[in-house]
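> If you scroll down you'll find the structure; I have some questions about it.
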Amino acid sequence: MPNHENDRSADVVVAGHICLDIIPQIRADDFQFVPGGLLETGPAVLATGGAVANTGLALHQLGVNVRLVGKIGDDVLGGALRDLVSGDTLDLAANMVVAHGEHTSYSVILSPENRDRMFLHCPGCNATFQAADVSDEVLASSRLFHFGYPPLLPRMYANGGEELSALMRRAKSLGVTTSLDLSMPDPNGPSSAVDWPAILAAVLPYVDVFLPSAEEIFWMLDRAAYERISSGGGEFPAHVGALDLRHISQVLLDMGCAVAGVKLGERGLYLRTASSARFGDAGRAFLNPMASWFDREFWSPCFDVHVVGATGAGDATIAGFLMALLRGDDPAQCLVAACAVGACSVEAVDAFSGVRSWPETSARLAQGWKRCATHSGDGWVWDKTRGVFEPQAG
């Protein structure tokens, strides 16, 4: 059962999927699986994983007052996960749900330097996470509610996403700004057979900020475009064009969200926003005046860093965006902050230890941190002052 005794005010509540990440150190040139063979690795890093830990702890590193709501078992892995979440701030884990007799979720992450990751994942008690695990008290005392990884939470996507819709609708009814992130469904698991267009159509009217990855959202909403883009080979975001982004963002805005973003990996973050009418119900994380959010379109490229590990980079990117939103920043500033925090995160093997405080990150920006792309092209023009691309006029 949820622990409501420690409910108190927070800027953000982060809920959803959480697990223990086991990350062995692997050299890329040694990395191959051979039946019956042995691959020697370096020491393993034990870290928190899943949206609750990745986004929540990144927000904490950035100085945001955050509460975490995830489900863990009363086993050894659960104890280790709770200790890692708490660190030196016990309040962070005060609202975690302990499921007696259930197993804690864990992932083995194979993440060689400069190569994409592979995952071995045990869902554990995430399979029983439900809307009731997030209390009204926790929601009502926050400005923003972020929910992550519904494709890894079977009860949340069952029956057409009934539980997910109910949770986001309840948060909206309490005046909270809502945010949603996805994960890629397992192509061989039950989540791949779900009608995701119907679920998102039911949920997005109650979602203010929606920042999925390009691969996730095209797979869920436009399988033909997904297959076309995938046929280019290599990393999926590399072949996503401006017309693709405008198409999928329009679909998302038509479904009802106020802010539709698409995470593009090494190519940064794309953002498009709804008209003024939608922001009348955007919740208390948006500070007035909000006109800077109406009908905008931007793209922010990444910052130049040495990539050690990409685990949790998308979650850290979202943390940077939400932190800037809570500060009252405009969309362009939120995009730059998101990409800066995401860039910091890939400088470490785990999801959040590379994330710095916002004053440290801001100082790095002020020192002229190099961007990966500032050239115009493909219908975009670089705005040097704001550090983002805008659509070319005409």
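> Quick one: P(r) of segment 88-157 from all Cα-Cα pairs, 10 Å bins, percents rounded to integers, in order of increasing distance.
Reading the bins upward from 0: 15, 38, 33, 13, 1.
> Testing the spin-label approximation: label points 7 Å from Cα along Cα→Cβ at E347 and E360. State their distance in nm.
0.8
> Right, another one. Can you give the FRET efficiency to the nearest 0.05 for H100 and H239, using r as the Cβ-Cβ distance and R₀ = 51 Å? Don't skip to the end; give the middle numbers.
Working: r = 47 Å, r/R0 = 0.93.
For H100 and H239, the calculated efficiency is 0.60.
> Quick one: what are the phi-derived ³J(HN,Hα) couplings along segment 347-353, Karplus 6.51/-1.76/1.60 with θ = phi - 60°, whole Hz, x for glycine and proline?
3J(HN,Hα) across segment 347-353, in whole Hz: 7, 10, 6, 9, 7, 9, 5.
> Distance between Cα centroids, segment 62-138 to segment 256-281: provide it in whole Å.
About 27 Å separates the Cα centre of segment 62-138 from the one of segment 256-281.
> Now for a separate question. For segment 238-337, with only Lys/Arg (+1) and Asp/Glu (-1) charged at the beta-carbon, what is the dipole magnitude about the Cα centre, in debye rounded to 20?
Numbers: 8 positive and 10 negative charges, 25 e Å.
With only Lys, Arg, Asp and Glu charged at Cβ, the dipole is about 120 debye.
> May I pose another question? Using modelled backbone amide H atoms (1.01 Å from N, in-plane), which distant-in-sequence or interchain residues come within less than 5 Å of G354's amide H?
It is A348, by chain and number.
> Convert each backbone phi in segment 299-306 into a coupling constant with the Karplus relation 6.51 cos²θ - 1.76 cosθ + 1.60 (shift: θ = phi - 60°), then list the ³J(HN,Hα) values in order as whole Hz, x for Gly and Pro.
9, 10, x, 6, 9, 7, 9, 8
> OK, next. How large is ³J(HN,Hα), in whole Hz, for each residue of segment 177-192 in order, when computed from phi with the Karplus curve 6.51 cos²θ - 1.76 cosθ + 1.60 and θ = phi - 60°, using x for Gly and Pro?
Ordered by residue, 3J(HN,Hα) equals 6, 10, 9, 9, 10, 10, 9, 6, x, 5, x, 9, x, x, 5, 6 Hz.
> Now a separate question. What net charge do the residues around A332 carry, taking every other residue with its C-beta under 11 Å from that of A332, with Lys and Arg at +1 and Asp and Glu at -1? Walk me through the intermediate numbers first.
On the way: positive: R296, R386; negative: E297, D329, D330, D383, E390.
Charge balance in the 11 Å sphere: -3.
> What Kirkwood hydrodynamic radius do you get for the chain when you take the inverse of the mean 1/r over all pairs of distinct Cα atoms, in Å? Write out the running numbers ahead of the final one.
On the way: mean 1/r = 0.0476 Å⁻¹.
About 21.0 Å, per the Kirkwood formula over Cα pairs.
> Name the residue farthest towards the positive end of the dipole of the chain from the options G42, V98, M290, assuming +1 on Cβ of Lys and Arg, -1 on Cβ of Asp and Glu, about the Cα centre.
The one lying farthest along the dipole's positive direction is M290.
> Another question, if that's okay. The chain: longest stretch without exposed GluC sites (Glu not before Pro) (DSSP loop, at most 12 other Cβ within 10 Å), sites themselves excluded?
Values: sites that count: E5, E40.
It works out to 41-394.
> Around D21, which amide H atoms from residues at least 5 apart in sequence, or from another chain, sit under 5 Å from its own amide H, with H modelled in the peptide plane?
Residues meeting the amide H criterion: A47, T48, G49, S107.
> Dipole size in debye (nearest 20) for the chain around its Cα centre, Lys and Arg Cβ +1, Asp and Glu Cβ -1?
Numbers: 28 positive and 45 negative charges, 177 e Å.
With only Lys, Arg, Asp and Glu charged at Cβ, the dipole is about 860 debye.
> Among V388, A80, G234, which residue has its Cα positioned farthest towards the positive end of the charge dipole of the chain, with +1 placed on the Cβ of Lys and Arg, -1 on the Cβ of Asp and Glu, and the dipole taken about the Cα centre?
V388
> Still on this structure, please answer the following. Give me the percent of accessible area attributable to carbon and sulfur for the chain, probe 1.4 angstrom. List each step's numbers first, then the result.
Values: 8370 of 16080 Å².
Carbon and sulfur: 52 percent of the exposed surface of the chain.
> Let me know the number of lysine pairs in the chain closer than 29 Å at the Cα, not counting same-chain pairs under 8 apart.
Working: K71/K172; K71/K263; K172/K263; K263/K370; K263/K384; K370/K384.
Taking the Cα cut-off of 29 Å, the pair count is 6.
The values are calculated or read from the model by the stated rules, or taken from the named source; none is laboratory data. Every value quoted in this text rests on a predicted model; they were computed, and no experiment measured them. Positions of Cβ are backbone-derived with ideal geometry, glycine not excepted, and every protein chain shown enters the neighbour counts. Each accessible area value is taken on the protein alone, full model and side chains, heavy atoms only, with ligands, DNA and RNA left out. Shrake-Rupley method; radii C 1.70, N 1.55, O 1.52, S 1.80 Å.
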